[in-house]
Amino acid sequence: MVSLGEDDAEEQDWQERALCAQTDPEAFFPEKGGSTREAKRICSGCEVRAECLDYALAHDERFGIWGGLSERERRRLRRAVS
């Protein structure tokens, strides 16, 4: 049996509560030039949006909508903070 560390358990907890876990994952990974509107709408009502964005920034996620932001928006945020 594999034991989850505390960070892993916390990570799994917020992911299970995320609204995206209950919807079509394709909305969060649109084709290049595709609309991000639906994914961002779902994110706007999600209780773990901040945790999701923190995860994406900490793990340098390069694709998809995370925490309500596209990869380009996350890159811009990283530059503004640096």
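Please treat every number below as a calculation from the coordinates, not as lab data. Owing to the predicted nature of the structure, the values given are computational and were not obtained by experimental measurement. Cβ: placed from backbone, ideal geometry, glycine included. Neighbour counts: every protein chain shown.
Report the relative contact order of the chain, percent, no decimals, based on alpha-carbon pairs under 8 angstrom and at least 6 residues apart.
Numbers: 67 pairs, mean separation 21.2, N = 82.
Value for the chain: 26 percent.
Going by how many other beta carbons lie within 10 Å of each one, how would you line up 49, 79, 41, fewest first?
79, 41, 49
Given the DSSP H assignment, sum -39500 (n - 2.57) over each helix run of at least 4 residues in the chain and divide by its residue total; what's the result at 222 nm in deg cm²/dmol, nearest 500? Numbers along the way, then the final one.
Numbers: 4 runs with 41 residues, N = 82.
Roughly -15000 deg cm²/dmol at 222 nm, from the helical runs in the chain.
Mind checking the angle between helix 6-17 and the chain's longest principal axis? C-alpha axes, 0 to 90 degrees, to the nearest 10.
Computed tilt is about 50 degrees.
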